[in-house]
Amino acid sequence: MKQLVKSLMIAAAVSLSAGTTLAANAQDNTEAKSLEELMQLVEKNRVSSRQLSAEREAEFTAARADKQALLNQAKKQLSDEEARGKRLQNQFSENEITLANKEQELENAKGTLGEMFGVVRGAATETIGRIATSIVSSQYPGREDVLESLAEAKELPTLPELEELWMALLTEMIQSGKVVTYNTDVFQLDGGVENKEVTRVGVFNLVAQNGEYLTYNDTTEQVQPLGRQPEGYVIGQNSEFTGTSEGYAGLYLDPSRGQILGLLTQKATLEERYHQGGTVGYVITVVLIIGLLIAVYKLVTLTAVGGKMRSQLKNIDNPSDKNPLGRVLKVYHANKNSDAENLELKLDEAILKETPKIESGINVVKIFAAIAPLLGLLGTVVGMIGTFQSITLFGTGDPKIMAGDISMALVTTAMGLIAAIPLILAHSIVAGRSKSIVHILDEQAAGIVAAHSEKE
């Protein structure tokens, strides 16, 4: 009996799990209190489950019919597209044949015009490069636009386009022989823009009113000043040229259309050359300055002493302590009663006392004149050592790596010679002036001794 109850309970549970609707109905029913009630409940649920299964089967059958209709419709569309693809493929093949025939007809119709087409394209291509980089384009911008369309065209040029090509060539030809002044925007190196009056000399150079050279950047289509201007006399001559309203005036012209001026910006200035000498070059400069200062000082003091001695020569009877000759004469006056030999010794002693003061510092200038070339040689050796170190590390593939040390070697050699030459000249002048003063003292002392010997 218990086994039968368990079986019925399992069957009822399976029936209830068939759908949510049956479960809801089962929840609404009261719990069975006897076997008869349980039997009735199971029977009722069986009937509901059959009805639900029938409904689902009917829905599935209806959906299956709809899916079949959709499948049939998709197959029909596929068939239509395949037919359309074949039709378009046939039409494409027919168009290819027609296009080839038309191209052949075009070639036959062009005849000798085809050669003209090639000539026009070649001339336009060649002219674009010439006009785009020409400084005439700074005055007449946009001339290469039509030429670019001609160079890239795939059809025969029209008469207006041919006229534009002819006008571009004619304009370049005419403007290459003219000197024209006009206003244009000059883009400064610091980023500013300034409208200036510039003078175009043919197709060679652009010159500002102050004589400075300008360049035309064909990439940005801008007029810019040179990164570094030539020497002052060149700029001065150019400014004179731009200021001339009639007649003729000279001008420094770059026949390479700016290439030489471009190389000029890479040329080292005198100041840059000086700094290439490095520490040795600075030491040579210090030696030169100190030597020249000593030479100038001695030259000034000896000139003053010489003037005082010339004044003393006019007044020998009244010697002064402010010049060497006066001090020597005082020794003579103090030893007039001595014999000639003692007087000569006294005068020689007085001259020897004055000589170191007169010649002091002169030998220093001479030493500096000898040191300067030796320092230049030192710089040469240091530079060559650096050059060989660069060769050891990087090889000889790039000369620019060795250029700095070689420049130092050559610049210091030149600086040593440049310093030695004026120092030698200054030493010669100062030494000659001191010798002339000592010679006057010796001459006066000899005369005094001779006169004293005659009196004895």
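The values are calculated or read from the model by the stated rules, or taken from the named source; none is laboratory data. Keep in mind that what you see is a predicted model, and the values were worked out from it rather than measured. Cβ sites come from the backbone with ideal geometry, for glycine too, and all protein chains shown count toward neighbours. To get the accessible areas, we keep the full protein, side chains included, count just its heavy atoms, and leave off ligands, DNA and RNA. Shrake-Rupley method; radii C 1.70, N 1.55, O 1.52, S 1.80 Å.
Give just the number: which of (1) at pLDDT below 80; (2) under 30 Å from Val198 (Cβ atoms); (3) surrounded by 13 or more Cβ atoms within 10 Å (Cβ to Cβ) does Gly129 not satisfy?
The number of the failed condition is (3).
Taking the options Ala295, Ala249, name whichever one is open to solvent by less than 50 Å² (accessible area, probe 1.4 Å) and assigned to a loop (DSSP other than H, G, I, E, B).
Answer to the check: Ala249.
Residue by residue through the range 128-155, note down the ones that are without any contact (Cβ under 8 Å) to a residue 60 or more places away in the chain, among the hydroxyl-bearing types (Ser, Thr, Tyr) and not in a loop (DSSP other than H, G, I, E, B).
Answer for the range 128-155, where residues must be without any contact (Cβ under 8 Å) to a residue 60 or more places away in the chain, among the hydroxyl-bearing types (Ser, Thr, Tyr) and not in a loop (DSSP other than H, G, I, E, B): just Ser149.
Looking only at residues in the range 252-268 that are hydrophobic (A, V, I, L, M, F, W, C) and over 14 Å from Glu231 (Cβ atoms), which one is least open to solvent (accessible area, probe 1.4 Å)?
Leu253
Matching residues to (1) out of contact with any Pro (no Cβ under 6 Å at 6 or more places or on another chain); (2) in contact (Cβ under 8 Å) with a residue 60 or more places away in the chain; (3) of a type in the set (Val, Ile, Thr); (4) closer than 29 Å to Ile294 by Cα:
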| residue | (1), (2), (3), (4) |
| --- | --- |
| Gly379 | yes, yes, no, yes |
| Ile385 | yes, no, yes, no |
| Phe388 | yes, no, no, no |
| Gly397 | yes, no, no, no |
| Leu410 | yes, no, no, yes |
| Gly416 | no, yes, no, yes |
| Leu425 | yes, no, no, yes |
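Is at least one residue of the range 166-177 of a type in the set (A, V, I, L, M, F, W, C), under 24 Å from the mean Cα position of the chain (by Cα) and open to solvent by 70 Å² or more (accessible area, probe 1.4 Å)?
no
Out of the residues in the range 325-338 that are surrounded by 11 or more Cβ atoms within 10 Å (Cβ to Cβ) and touching a residue at least 40 places away in the same chain (Cβ under 8 Å), which is nearest to Ser453 (Cα to Cα)?
Tyr332
Pick from Glu271, Glu221: which is surrounded by fewer than 16 Cβ atoms within 10 Å (Cβ to Cβ), of a type in the set (Asp, Glu) and touching a helix residue (DSSP H, G or I) at 6+ places or on another chain (Cβ under 9 Å)?
Result of the check over Glu271, Glu221: Glu221.
Restricting to the range 309-324, and then to whatever is of a type outside the set (S, T, N, Q) and buried (at least 16 other Cβ atoms within 10 Å of the Cβ), can you tell me which residue is farthest from Arg433 (Cα to Cα)?
For the range 309-324, the residue satisfying everything is Pro319.
Go through the residues of the range 430-449 one by one and say whether even a single one is within 17 Å of Gly278 (Cβ to Cβ), over 37 Å from the mean Cα position of the chain (by Cα) and hydrophobic (A, V, I, L, M, F, W, C).
No, the conditions are met nowhere in the range 430-449.
Only one of (1) open to solvent by less than 60 Å² (accessible area, probe 1.4 Å); (2) touching a Ser or Thr at 6+ places or on another chain (Cβ under 7 Å); (3) over 22 Å from Gly291 (Cβ atoms) fails for Ile440. Which number is that?
With respect to (1) open to solvent by less than 60 Å² (accessible area, probe 1.4 Å); (2) touching a Ser or Thr at 6+ places or on another chain (Cβ under 7 Å); (3) over 22 Å from Gly291 (Cβ atoms), Ile440 is out only on (2).
Where residues in the range 342-377 are in contact with a Leu (Cβ under 7 Å, 6 or more places away or on another chain) and open to solvent by 30 Å² or more (accessible area, probe 1.4 Å), which of them is nearest to His452 (Cα to Cα)?
Residue satisfying both the conditions and the ranking: Phe368.
Inspect all residues belonging to the range 235-245 and state whether any of them is in a helix (DSSP H, G or I) and either under 30 Å from Val365 (Cα atoms) or of a type in the set (Gly, Ala, Ser) (or both).
yes
When only residues in the range 274-289 that are hydroxyl-bearing (Ser, Thr, Tyr) and free of Cβ contacts under 8 Å to residues at least 24 places away in the same chain count, which is surrounded by the fewest Cβ atoms within 10 Å (Cβ to Cβ)?
Filtering first and then ranking leaves Thr279.
With Leu106, Leu99 as the choices, which residue is in a helix (DSSP H, G or I), modelled with pLDDT of 80 or more and either charged (D, E, K, R) or open to solvent by 30 Å² or more (accessible area, probe 1.4 Å) (or both)?
Leu99
Quick check: anything in the range 378-398 closer than 30 Å to Thr303 by Cα, open to solvent by less than 90 Å² (accessible area, probe 1.4 Å) and at pLDDT 85 or above?
No.
Anything in the range 185-204 that is open to solvent by less than 20 Å² (accessible area, probe 1.4 Å) and either more than 22 Å from the chain's Cα centre (by Cα) or modelled with pLDDT under 85 (or both)? List them, or say none.
Scanning the range 185-204 gives Val198, Thr199, Arg200, Val201, Gly202, Val203.
Which pairs have Cβ atoms under 9 Å, sit 6 or more apart or on different chains, and link a residue in the range 156-168 that is in contact (Cβ under 8 Å) with a residue 24 or more places away in the chain to one that is surrounded by fewer than 11 Cβ atoms within 10 Å (Cβ to Cβ) and not in a helix (DSSP H, G or I)?
Listed pairs, sorted by first residue: none to list.
Which numbered condition in (1) over 27 Å from the mean Cα position of the chain (by Cα); (2) open to solvent by less than 70 Å² (accessible area, probe 1.4 Å) is the only one that Leu214 fails?
Just one mismatch for Leu214, condition (1).
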